[in-house]
1. Look through 64, 17 and report the one residue that is buried (at least 18 other Cβ atoms within 10 Å of the Cβ), touching an Asp or Glu at 6+ places or on another chain (Cβ under 7 Å) and basic (Lys, Arg).
2. Output yes when any residue across segment 100-109 is touching a residue at least 12 places away in the same chain (Cβ under 8 Å), under 17 Å from residue 41 (Cα atoms) and not basic (Lys, Arg), and no when none is.
3. In this structure, is residue 50 in contact (Cβ under 8 Å) with a residue 60 or more places away in the chain, of a type outside the set (Gly, Ala, Ser) and part of a helix (DSSP H, G or I)?
4. Take segment 62-92 and flag every residue that is assigned to a loop (DSSP other than H, G, I, E, B) and under 15 Å from the mean Cα position of the chain (by Cα).
5. Note down all Cβ pairs under 7 Å where the first residue falls in segment 56-67 and is within 10 Å of residue 120 (Cβ to Cβ) and in contact (Cβ under 8 Å) with a residue 24 or more places away in the chain, the second is aliphatic (A, V, I, L, M) and surrounded by 15 or more Cβ atoms within 10 Å (Cβ to Cβ), and they're at least six residues apart or on different chains.
6. Checking residue 116 against (1) under 19 Å from residue 11 (Cα atoms); (2) surrounded by fewer than 15 Cβ atoms within 10 Å (Cβ to Cβ); (3) of a type outside the set (Asp, Glu), which single condition isn't satisfied?
7. So, of the residues in segment 114-134 that are more than 15 Å from residue 52 (Cα to Cα) and of a type in the set (A, V, I, L, M, F, W, C), which turns out to be modelled with the lowest pLDDT?
8. Return a yes/no flag: does segment 73-84 have any residue that is over 16 Å from residue 6 (Cα atoms) and either in contact (Cβ under 8 Å) with a residue 40 or more places away in the chain or not charged (D, E, K, R) (or both).
Amino acid sequence: MKKIEASNVKANGISGRNPWPDVTKIKPIIETAISVYRLRNTNEDIFREIDAIAPNGDFYAGTRYSNNDTVVTRTISALNEAAFQLTEDVEEAHQLIYDFINNINGKDMDIIILDSLMDCAGADYWYKYEKQWD
């Protein structure tokens, strides 16, 4: 039986893979989890976790990192990519996402949230310090 594993959900910007699942079914669950995650962890705690995963990485708490809606979008994008790695059937891929979110445990939710926060913080750093604006 095909199943998304939290360790295979990797945020990497916003995917162009279409179609996306009906987010009205999963967005509120992920938004709530992110809010609770931020209540349980300070930015300092989160960046300490990020540093443990990507030592000496370039991360910044900018607008993407600070906006839960943006973090949700990156999470759903990562879930969509993970599902399509398991199947090319759209209905099956979307069902895999719904099943994953509806049955997720707290540890796995924390894994995908931290990964999405890290992706947002990496993009914030790049746009703040590295992108050439000329």
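The values are calculated or read from the model by the stated rules, or taken from the named source; none is laboratory data. Nothing here was measured: the structure is a model prediction, and the numbers come from that model. Counting neighbours? That spans all protein chains shown, and the Cβs are built from the backbone with ideal geometry, glycine included.
1. So the residue among 64, 17 that is buried (at least 18 other Cβ atoms within 10 Å of the Cβ), touching an Asp or Glu at 6+ places or on another chain (Cβ under 7 Å) and basic (Lys, Arg) is 64.
2. Checked segment 100-109: at least one residue is touching a residue at least 12 places away in the same chain (Cβ under 8 Å), under 17 Å from residue 41 (Cα atoms) and not basic (Lys, Arg).
3. When the stated conditions are applied, residue 50 passes them.
4. Hit for segment 62-92 is 67, nothing else.
5. Correct list of pairs: 59/50; 59/118; 59/121; 60/121; 61/121; 64/123; 65/117; 65/121.
6. Going through the list (1) under 19 Å from residue 11 (Cα atoms); (2) surrounded by fewer than 15 Cβ atoms within 10 Å (Cβ to Cβ); (3) of a type outside the set (Asp, Glu), residue 116 breaks only (2).
7. Checked segment 114-134; the qualifying residue modelled with the lowest pLDDT is 133.
8. Yes.
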